[in-house]
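Rule-based calculations on the coordinates, nothing more; no lab input. Everything numeric in this text was worked out from a predicted model, so none of it was measured. Note: ideal-geometry Cβ built from the backbone for every residue, glycine included; neighbour counts use all protein chains shown.
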Amino acid sequence: MTGLVGLTSGIGGVLLFAGLFAFVVAVVAIIRGRVGWAHLPTRGVGAVALVGSVVAVVVGTTMSPAPVGASSAPAAGAVAAQPASSSAATAAAPSPTPTSTTSTRSPVTVESATPEAPPGSALALVGTLKVQGRGPMTGYARTVFGPAWTDTDRNGCDPRIICMA
């Protein structure tokens, strides 16, 4: 499993995943006194493993890539650091008022985006799909399946439950 995490998020993801796993095992070792399969024979060794797992999580978090769509802009209300050589005129300038984070752009529909899609792309292929309305429900009758949620064969199971009896 750790290898799969490494394929998708690199060494930072591997350290983060392994650190979280080791954290849980170390907590169990501290509570129970030992975890034989993990070679944590005492609570003291479990505590050392706990510290190591926290270090792995911190290092893995700092090394992992930023999530898609994450911005490097400071959060609303955060004050940006100014260089030490800034002049008094820039220091006296008022800070900008925080704006709302809601988007004012209109949503992009498939109909408006498909003419601009490059040929051979998935979006261009979506534009070729035929969309139909809901079809008639011919040949279906709910009454054929009996009353809703009842045990029709009296075996102790209703239609919602898979019984192993």
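Here are some notes:
- Between T138 and T61, the contour length at 0.36 nm per residue exceeds the Cα-Cα span by 22.2 nm.
- Working note: Cα gyration tensor of segment 2-63, eigenvalues times five, square-rooted, sorted largest first, giving semi-axes of 24, 11, 7 Å.
- Taking Cβ atoms as reference points and 10 Å as the exclusive limit, the residues near L40 contribute a net charge of +3, counting Lys and Arg as +1 and Asp and Glu as -1.
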